[in-house]
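The values are calculated or read from the model by the stated rules, or taken from the named source; none is laboratory data. These numbers were taken from a predicted model, which means no experiment stands behind them. Here the Cβ is made from the backbone with ideal geometry for all residues, glycine too, and neighbour counts use every protein chain on show. What goes into the accessible areas is simple: the full protein's heavy atoms, side chains included, and nothing from ligands, DNA or RNA. Shrake-Rupley method; radii C 1.70, N 1.55, O 1.52, S 1.80 Å.
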Amino acid sequence: MIKRWYMRFSDMVVMVTGAGRGIGKAIAERFASEGAVAAVCDMSLKTAEETAAAITAAGGKAEAFEMNVQSSDQIQTVIDRLIEKHGKIDVLVNNAGITIPGPVVDFQESDWDLMIDINLKGVLRCSQRVARTMINRKSGSIITIASESGKTGKPLFSLYAATKFAVIGFTQGLAMELAPYGIRVNAVCPGIVRTKMWESLDKDLARLQGTKEGEALELRKKNIPLGRLEEPEDVAGVAAFLASEDARYMTGQSVNVTGGREVH
Ligand SMILES: NC(=O)c1ccc[n+]([C@@H]2O[C@H](COP(=O)([O-])OP(=O)(O)OC[C@H]3O[C@@H](n4cnc5c(N)ncnc54)[C@H](O)[C@@H]3O)[C@@H](O)[C@H]2O)c1
């Protein structure tokens, strides 16, 4: 008889940061659709509750938490509540992130601090604390949503690239540290994903480059080998794969999901 593989998420607890909307929301929905309990975390409790309600209405299991990845206390509180209720966290998806585009010469130090605190230190804070619980159980998977900007730097995105290169390096090092415990650590590098982040980026780039709104996105769309913009679900599918048994021999990897824009 042919052996069949399933994602086997039915008794899993998955903690997703920045899951109130966009890519994080799609990831929470995808894991829940495979049977996992989705811990929907966002700095905005309102949007976290909306995502959780949508999952529940669709027959899935979800819990909403207010959690800003800049706050170690809030992160620890969520982890403690999940461990108390479910006894474990199987998967952490570090998704929360921001981007502030602009020329390096014009950047304020407060902009650097904010982006580094969320995009890099937010990943460190969550990974460190969740890894401690996974080490005890000798199993788990940590997935960080990096970016194609973590592979190649681009003008006006230098600081963003610095944070995303950093989380890829962190992913590699942490993967080696946690491999002896059977914990896998990987990253996903999306390209141009249709979310609120790109809606506001398009406006920012129009202002910075003197173009019309919509032009920045249209120009980039022309350069996507697969010929369409990326959807949050395109990222969610790869995140689910990385957490699944099918990816059991993958760790320390940063997988491009860019429609062919990034190939290294
Ligand atoms: N949209 C893209 O084209 C794209 C491409 C590559 C990588 N990414 C990465 O994917 C991730 C998600 O991006 P998106 O496009 O869905 O963004 P988005 O702005 O649409 O959604 C981000 C979510 O994260 C939450 N968030 C922001 N700061 C937070 C914080 N400090 N603590 C907790 N939650 C916070 C927001 O409230 C929001 O719900 C980010 O890490 C981003 O860098 C996005």
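Summary of values
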{"item": "Accessible area per residue in Å² at 1.4 Å probe, computed on region 121-264", "result": "47"}
{"item": "Helical contribution to [θ] at 222 nm, DSSP H n ≥ 4, -39,500 (n - 2.57), averaged over the chain, rounded to 500", "result": "-14500 deg cm²/dmol"}
{"item": "Nonlocal amide H pairs with Gly153, under 5 Å, H built at 1.01 Å", "result": "none"}
{"item": "Under 5 Å, built H, 5+ apart or other chain: amide partners of Ser254", "result": "Ala187"}
{"item": "Of the DSSP H helices in the chain, those whose Cα atoms cover at least 27 Å axially and whose Kyte score averages -1.0 or more", "result": "158-178"}
{"item": "Part-to-part distance (alpha-carbon centres) for region 101-166 and region 76-95, which is given in Å", "result": "20"}
{"item": "Order by protection proxy (mean Cβ within 10 Å, highest first), peptides 10-21, 144-155", "result": "10-21, 144-155"}
{"item": "Largest-first ordering by accessible area, 1.4 Å probe, given options Tyr181, Tyr160, Tyr249", "result": "Tyr249, Tyr181, Tyr160"}
{"item": "The chain: most fluctuating residue of Leu226, Leu120, Leu205 per GNM, C-alpha cutoff 10 Å", "result": "Leu226"}
{"item": "Diffusion constant of the chain at 4 °C, which comes from Stokes-Einstein with the Kirkwood Cα-pair radius and 1.567 mPa s, µm²/s", "result": "70"}
{"item": "Under-5 Å amide H pairs with Gly140, H placed in peptide plane, nonlocal only", "result": "Arg184"}
{"item": "Ranked packing of 237-247, 89-99, most packed first, by mean Cβ within 10 Å", "result": "89-99, 237-247"}
{"item": "Lys203-Ser72 FRET efficiency (beta carbon distance; Förster radius 41 Å; 0.05 resolution)", "result": "0.80"}
